[in-house]
Structures are given as structure tokens and as C-alpha cells.
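The values are calculated or read from the model by the stated rules, or taken from the named source; none is laboratory data. All values derive from a computational prediction rather than experimental measurement. Positions of Cβ are generated from backbone atoms using ideal geometry, with glycine treated the same way; all protein chains shown enter the neighbour counts. Surface accessibility is based on the protein's heavy atoms, side chains included, excluding ligands, DNA and RNA. Shrake-Rupley method; radii C 1.70, N 1.55, O 1.52, S 1.80 Å.
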Amino acid sequence: MEKIVVSGQQKLSGEVAISGAKNAVLPIIVATLLTEDQCTLYDVPHLADVQTISEVLQSLGAGVNYHGHTMVTDGAGVSKTEAPYEYVQKMRASVLIMGPLLARFGKVNLSMPGGCAIGTRPIDLHLKGLELLGATIHIDEDGVHAESDGRLKGNDIFLRVPSVGATENLMMAASLAEGRTRIENAAEEPEIVDLANMLNAMGADIRGAGTSMIRINGVPCLHGAAHTIIPDRIEAGSYLLAGAITKSRIKVTNCIAEHLRPVLDKIIESGAEVIVNEEAMTVEVIGGEHILPVDIKTMPYPGFPTDMQSQFMAYMCMAEGASHFTETIFENRFMHVDELRKMGANIQIDGKNAFVNGVPALYGADVKATDLRAGAALLIAALAAQGETTIGQLHHLDRGYEDLIGKFRQLGAKIQRVEM
Ligand code: EPZ
């Protein structure tokens, strides 16, 4: 089994380039199913999830050519409307194929995406929205079966929760529906805006992405387009916290600071210095001599992102004081706590609250990644811990961080990936 081995308390320095955003590229690759033309995507990160979604598209008959960081897709050959069980179980984002396949072919079948470590991850909002657009959906032991009698029809949809995935699925389905669709209480994440920009480049008519009201006028068909994926704000935030916790000065390049505003504000509140150069698309962090405790409450964008909660908690384990975390998005996103405790962290959990009492030192230990961002949190803690830490279950990290070892080595970390 492969593990990451980190020798802690090593100062970091230099700069690292941020890759294309996982949570933008996955829906955008799926969106290419909406046309039979070729699409070209730039800044596509080498991630396990990108490999998986590419295999899903190929299993449906689409062509996917991926060289360097450029991906060319070809939707002409799409003939199937059923995603294989193993892919849907491997990656929940496979549920995003429902909108495009229903819109283009009027039919889609897929196994019910399971929950994952961080929560049950229901898809009721996706299904209710697709029904409002005219789909007939039934669920049985084989999964979810949806079909529409003719073209989908635009409608008004109110999302009980500003779900990122449901907003994306419904935006894609409505792009080809007949008439106007309004998605109210839509998710406002930058990845939603990036998907809307790709869809509009393909000939869709979408307005309001990035706000809570998205208006879509359906068009008869979409054509190919070229698009560059936005940088990954969560990857960027993870590296900035690695700099802050080791009291180093590091710079991330190819980063849109505006997408990280709530995270940068909290890093500053913790006593570190942040230098933003919008023009150059760089953000630099200078770790503070004293790490001050700050309280974090995760919220839908533009609030503090749930995907940065575990990484920030690792940082707060070294704060001089107590901090309070409230996780409002997922019901079980504190699995990193047990692993941080193995390193000497002092954390109490009460439901969706976690109380972190900073300790003077963390100690290297043998820990395991329980989900993607928990793995990043453990790596951040390991960089500041005394001694050596080994991190297992790396498949979680491989889903969302391109060239993790290479990038951390570039910053001077003593880190290696070994077979154990
Ligand atoms: C996306 O997941 C991201 N994944 C997640 O990133 C991210 O944490 C999440 O959005 C929130 O920002 C991708 O984009 C691939 P949601 P998604 O639908 O779309 C509830 C990472 O680490 N809900 O916004 O699945 C749900 O249970 C991953 O990169 C329903 O109740 O998230 C959750 O409590 C983790 N019914 C809340 O909404 C539904 O039909 C937010 O979920 C859908 C969601």
C-alpha cells in the first residue's frame, strides 16, 4: 500500500502553480455530452476524478483525447444512456450525466449514487428539478430511470438547498429545454459560473450564474466550444494554509483571489499576512509568528467553503487559544478529527460543532485520509508536526490534488510517496 511520508517542521518557500479546478472541470466535461461537436478544454488537471469521468463519457460512446492539460471530447458517437454501476459508485459526480443525456436523448439510467464518508449525499433536488422540466423518473433496485416524452420543457425551479450539483445538472438540462427556466436559490460557486460560461460558449443562453437566480432560455441545439478551466480555489487555499502553519512565506500562482475571499480573510484574522496581486493572479502568505484562533462556520458560496473546513481545522490545532468550527453543509465532515487527535490535537465534537484547543506542538503519527479534504488536512498538520508522519488511503488525495508530492517538494517540504 502506498503512503505519504512527511518530515515535519520544515520551513517552506518559493511558489507553486495552481491547477484547473476539480469541481469546475467535472461538470464541464459532462456538459460536452450536450453536443455532437468536438470541444476543447484547457488546464484540465490530472486527477483520478477526471480519469473516472472520462471513462464514463467513453462508456457512453463519446470520444475523449487527453494530452498534457488539454482534453478534446467528441460527442458524436454517444449512443448509450446508461452509466456503468462501478463508475457511479466510484464518483458521485457521475449523477451530472442525467441532465445532458435527458436533454439530448430523452433518457438516462444510472445506479443510485451512494453516500460517502462525509454524508448521505441525496440527489432529491436533482430529481425533483428534472421532473419539473418534464422528465418522468422512477427508482427501483437497479437505480434511477428517467425519460422524457419529447423535448424537456422550461419551468420555474426553487431549490430547497443551494445545491451545487443540482444547480449544474438543471442548468445543463434546461439549456436544451423548450422555453424559459428559472432556478431560484441556485448555488453561486465560481464553478457554477465557469460551467455557465462553457455552456454559453456552446450556444446556450444562460444569465445570472453566480447569483441565486439563474435564467436559462432553452435553445434547439448546442455546438462545440473551447474553454479554459478556472483555477482550483480549494487547492490554492490548501497550499496557503501549509505556508501559514509552518510560519513560512509562499506564493501560489494562477490563483483568483476573489474566489478565496472568505478563506483569505480568516488567514489574515489568524495573524498571517496575505499579499494579493490580482493582475498577476498570485496570492502570497507570510505565516505569523503567533497563530491566533479564529472561528469558522461553513456556508454556501460566498461564505466560508466546507471544502476548506478540515484544512483550516488542522491549522487551528496549532493556534494559541480555542477556536469553534460549525459545519453546516455536510452531516459528517469531522472524520479528520480522530486522525488529528492521533497527532496530539485537542478537539471536542458536539454534533455539527467542533471546539479546537490549540496545542504547542503536534507529533508525527501514522494516520489515514478518510476523504479528500481530510487527507489535505493531515498533510498540512504533518508539515508542522514534530517528527515523521505517514498518511495512508491516498486514493482520496489522488482524486483532487494534481502532482501533490511534486508541488510540495517544490516548496521545500520533506515529503515522499512510498510503497509500504
Ligand atoms: C459539490 O458537491 C462539490 N463536489 C463538493 O466538493 C462540495 O463540498 C459541495 O459541492 C458543496 O460546496 C463537486 O462539485 C464535484 P451539494 P455536491 O449538492 O454538489 C444537500 C470536494 O471535496 N443536498 O451542494 O454533491 C447535500 O446533502 C467535494 O471537492 C440535498 O439534500 O454538494 C449537502 O448537505 C466534497 N439534496 C448540501 O445539499 C440534493 O439533491 C450541499 O450539497 C443535493 C444536495
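The table below lists the values:
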| read-out | value |
| --- | --- |
| Selection count, the stretch 170-189, where residues are within 12 Å of the ligand (Cβ to nearest atom) and open to solvent by less than 10 Å² (accessible area, probe 1.4 Å) | 3 |
| Some residue of the stretch 91-99 being at pLDDT 95 or above, within 27 Å of THR246 (Cβ to Cβ) and open to solvent by less than 40 Å² (accessible area, probe 1.4 Å) | no |
| Test result for VAL367, more than 29 Å from THR253 (Cα to Cα) and either of a type in the set (Val, Ile, Thr) or modelled with pLDDT under 95 (or both) | yes |
| Where ARG121 falls short, out of the listed (1) open to solvent by 50 Å² or more (accessible area, probe 1.4 Å); (2) away from the ligand (no atom under 12 Å from the Cβ); (3) not hydrophobic (A, V, I, L, M, F, W, C) | (2) |
| In the stretch 26-69, the residues that are outside any helix (DSSP H, G or I) and of a type in the set (D, E, K, R) | GLU36, ASP37, ASP43 |
| One residue from ALA322, ALA314 being out of contact with any Leu (no Cβ under 7 Å at 6 or more places or on another chain), among the aliphatic types (A, V, I, L, M) and under 24 Å from GLY287 (Cα atoms) | ALA322 |
| Matching residues in the stretch 306-335 - criterion: being over 22 Å from LEU264 (Cβ atoms) and under 23 Å from the mean Cα position of the chain (by Cα) | PHE330, GLU331, ASN332, PHE334, MET335 |
| Test: residue in the stretch 140-160 that is of a type in the set (Val, Ile, Thr), open to solvent by less than 40 Å² (accessible area, probe 1.4 Å), in a strand (DSSP E or B) and over 20 Å from GLU82 (Cβ atoms) | yes |
| Matching residues in the stretch 290-338 - criterion: being within 16 Å of the ligand (Cβ to nearest atom) and part of a helix (DSSP H, G or I) | THR306, ASP307, MET308, GLN309, SER310, GLN311, PHE312, MET313, ALA314, HIS336 |
| Condition met for THR73 (away from the ligand (no atom under 13 Å from the Cβ) and either touching a residue at least 60 places away in the same chain (Cβ under 8 Å) or surrounded by 23 or more Cβ atoms within 10 Å (Cβ to Cβ) (or both)) | yes |
| Any chance MET281 is at pLDDT 95 or above, within 27 Å of ALA209 (Cβ to Cβ), open to solvent by 20 Å² or more (accessible area, probe 1.4 Å) and more than 16 Å from the chain's Cα centre (by Cα) | yes |
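Yes/no per residue for (1) more than 14 Å from the ligand (Cβ to nearest atom); (2) open to solvent by 60 Å² or more (accessible area, probe 1.4 Å); (3) part of a loop (DSSP other than H, G, I, E, B):
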| site | (1), (2), (3) |
| --- | --- |
| LEU101 | yes, no, no |
| LEU127 | no, no, no |
| GLU131 | no, yes, no |
| THR136 | yes, yes, no |
| GLU168 | no, no, no |
| VAL193 | no, no, no |
